[in-house]
Amino acid sequence: MPEVGPRTIRIVLVDDHTLFRNALAQDLGKEEDFEVAGASGSVKEALELVKKGPVDMVLLDVDLGQEEGGEFLRQAREDGFRGKVIIVTVGVHYWEAVRLLRSGASAIFPKHGTDESLFRMIRDVASGRVTPSPMAGAERTGEETIGRPEHRTLTVRQRQVLRLVVEGKANKEIAVDLGLRESQVKEALQGLFLKTGVRTRAQLTRLAIERYWDEVAAFPSGVASPPGS
């Protein structure tokens, strides 16, 4: 029987920087399993391209000059687009990255990354393999334990501490923000590890986004914990 080659992944590029867009399209075109189905610098043009289809993957910049790339995510999903979207960006704030992932992006890739890393992410996302975002700071080690424990309600203090853990703050900074002793922060973290079943702060951050977001987001950072919480 003749050998069957890798499945072709049809890709649309959405970036308002023409030189970057053209260079990336050229590099993608050199890969045997990639086909550039189109490229544009605006949300409207990108929506037209994915309607023509078939399109498996969109590489989307969030800063499109006068437009915001997240608008493409919203409109494309409303129009029934079922392909995958990878955000390719110079950088976004952590909470913006969270919003994009919750809006339907599969992953976020920094523009300073290598071609090889981007191509690997494209193949992983296209094949359905879980690819944590470089922006999210989650680690793959022990990833299989995340989501297994039963969802348990967190205390007020645990929610506040978890919110600041997600922001990347150290125990000492969390203690100052919440008006607590550092030992109280450690106690809250120990309770979080026991309730969630994860082992590291990175895993805890990912779990906070995936399963406890509504509880965590309800508490703005820097709000002091009430006595006895």
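The values are calculated or read from the model by the stated rules, or taken from the named source; none is laboratory data. Worth saying up front: this structure is predicted, and the values here are computed from it rather than measured. Cβ sites come from the backbone with ideal geometry, for glycine too, and all protein chains shown count toward neighbours. Surface accessibility is based on the protein's heavy atoms, side chains included, excluding ligands, DNA and RNA. Shrake-Rupley method; radii C 1.70, N 1.55, O 1.52, S 1.80 Å.
What number of residues within the stretch 101-128 are open to solvent by 40 Å² or more (accessible area, probe 1.4 Å), part of a loop (DSSP other than H, G, I, E, B) and within 17 Å of Val58 (Cβ to Cβ)?
Number of matching residues: 5.
For the stretch 37-62, which residues satisfy the criterion of being under 11 Å from Val14 (Cβ atoms) and either touching a His at 6+ places or on another chain (Cβ under 7 Å) or of a type in the set (D, E, K, R) (or both)?
Hits for the stretch 37-62 are Lys44, Glu45, Asp61.
Residues Gly191, Gly197: which one is of a type outside the set (A, V, I, L, M, F, W, C), modelled with pLDDT of 80 or more and open to solvent by less than 50 Å² (accessible area, probe 1.4 Å)?
Answer to the selection: Gly191.
Could you list all residues from the stretch 77-110 that are among the hydroxyl-bearing types (Ser, Thr, Tyr) and modelled with pLDDT of 85 or more?
Ser106
Can you tell me which residue in the stretch 200-223 is surrounded by the fewest Cβ atoms within 10 Å (Cβ to Cβ), limited to those that are within 17 Å of Glu173 (Cβ to Cβ) and modelled with pLDDT under 70?
So the residue we want is Pro220.
All but one of (1) in contact with a helix residue (DSSP H, G or I) (Cβ under 6 Å, 6 or more places away or on another chain); (2) closer than 21 Å to Gly128 by Cα; (3) part of a helix (DSSP H, G or I) hold for Ala46, so report the exception by its number.
Condition (2) is where Ala46 drops out.
What single numbered condition from (1) at pLDDT 90 or above; (2) in a helix (DSSP H, G or I) fails to hold for Arg74?
It is condition (1) that Arg74 fails.
In the stretch 2-32, what residues are touching a residue at least 24 places away in the same chain (Cβ under 8 Å) and open to solvent by 20 Å² or more (accessible area, probe 1.4 Å)?
Matches in the stretch 2-32: Gly5, Pro6, Arg7, Thr8, Arg10, Asp16, His17, Phe20, Asp27, Glu31, Glu32.
Out of the residues in the stretch 35-47 meeting the condition of being open to solvent by 10 Å² or more (accessible area, probe 1.4 Å) and touching a Ser or Thr at 6+ places or on another chain (Cβ under 8 Å), tell me which one is nearest to Arg120 (Cα to Cα).
Filtering the stretch 35-47 for residues that are open to solvent by 10 Å² or more (accessible area, probe 1.4 Å) and touching a Ser or Thr at 6+ places or on another chain (Cβ under 8 Å), the one nearest to Arg120 (Cα to Cα) comes out as Glu35.
Only one of Lys186, Lys195, Lys172 is farther than 19 Å from Tyr94 by Cβ and either hydrophobic (A, V, I, L, M, F, W, C) or touching a residue at least 24 places away in the same chain (Cβ under 8 Å) (or both); which?
Matching residue, one of Lys186, Lys195, Lys172: Lys195.
Kindly establish whether Arg82 is without any contact (Cβ under 8 Å) to a residue 24 or more places away in the chain, under 20 Å from the mean Cα position of the chain (by Cα) and either open to solvent by less than 60 Å² (accessible area, probe 1.4 Å) or more than 30 Å from Lys169 (Cα to Cα) (or both).
Judged against the criteria, Arg82 is a match.
Can you confirm whether the stretch 164-180 contains a residue that is open to solvent by less than 40 Å² (accessible area, probe 1.4 Å), over 16 Å from the mean Cα position of the chain (by Cα), modelled with pLDDT under 80 and over 30 Å from Ile11 (Cα atoms)?
No: the stretch 164-180 contains no residue that is open to solvent by less than 40 Å² (accessible area, probe 1.4 Å), over 16 Å from the mean Cα position of the chain (by Cα), modelled with pLDDT under 80 and over 30 Å from Ile11 (Cα atoms).
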